[in-house]
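Contents: one structure, followed by commentary.
The values are calculated or read from the model by the stated rules, or taken from the named source; none is laboratory data. From a predicted model like this one, the values you see are computed outputs, not experimental measurements. No Cβ is skipped: glycine too gets one built from the backbone with ideal geometry, and neighbour counts run over all protein chains shown. Accessible surface areas use protein heavy atoms only, side chains included; no ligands, DNA or RNA. Shrake-Rupley method; radii C 1.70, N 1.55, O 1.52, S 1.80 Å.
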Amino acid sequence: MTATKKTTTKKAAEKVEPEQTTEETKKKRVRHTYLYAVGRRKRAIARTRLFKNGTGKITINDKDYTVFFPYYQHQDAVTQPLETVSKRKEFDFTIKVQGGGVNGQAEAIRHGIARALLLIDKDLKPVLKAEGYLKRDPRQKERKKPGLKRARRAPQFSKR
């Protein structure tokens, strides 16, 4: 009886293998016309889509990046990775950003764009890494502790 069980399991295993190969080929099929990367900074998360053969258009939350970030320093932070690798007008970006403040969002977008560029060309890694665009800045706001006014600020001491 045990011999028949073994043969049936071998047959079942043989039948499963061709199905797995067809599933693997389905997974390898390209479903999107863009490359996707995520950038983070503080509480901000930027989901970045890179479109090849673009004109240099950057859209953030359905707005142009110059409208979304009115200050030049934030606009500059967004375009820094592209300027560093001299590919400012080659790609279009559509970015959804949420959480955090304005500065954190700008730096999260910079991180996402740098990661997306790395998916296009692995040879850009030394240049982007030297500038620090690939590093996820781990600094977060420290939580408030009980009995204190802020994370570390103690109430004012009164002797009398």
Before we move on, is residue 112 within 12 Å of residue 45 (Cα to Cα), in a helix (DSSP H, G or I) and either in contact with a strand residue (DSSP E or B) (Cβ under 7 Å, 6 or more places away or on another chain) or at pLDDT 95 or above (or both)?
-> yes
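State all residues of the range 51-84 that are open to solvent by less than 30 Å² (accessible area, probe 1.4 Å) and modelled with pLDDT of 90 or more; if no residue qualifies, say none. Walk me through it before giving the result.
Start the filter on the range 51-84 by keeping residues that are open to solvent by less than 30 Å² (accessible area, probe 1.4 Å), which leaves 54, 56, 58-60, 69, 74, 77-79, 81-82.
Across the range 51-84, the qualifying residues are 58, 59, 60, 69, 74, 77, 78, 79, 81, 82.
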Given 26, 42, which one is at pLDDT below 55, of a type in the set (D, E, K, R) and either more than 26 Å from residue 102 (Cβ to Cβ) or open to solvent by 100 Å² or more (accessible area, probe 1.4 Å) (or both)?
-> 26
Residue identified as hydrophobic (A, V, I, L, M, F, W, C) and either open to solvent by 60 Å² or more (accessible area, probe 1.4 Å) or touching a residue at least 24 places away in the same chain (Cβ under 8 Å) (or both) among 130, 151 = 130
Name every residue in the range 103-119 that is buried (at least 16 other Cβ atoms within 10 Å of the Cβ) and of a type in the set (A, V, I, L, M, F, W, C), in order of residue number.
-> 106, 108, 109, 113, 114, 116, 117, 118
Out of all the residues in the range 34-86, which are touching an Asp or Glu at 6+ places or on another chain (Cβ under 7 Å) and in a helix (DSSP H, G or I)?
-> 77, 84
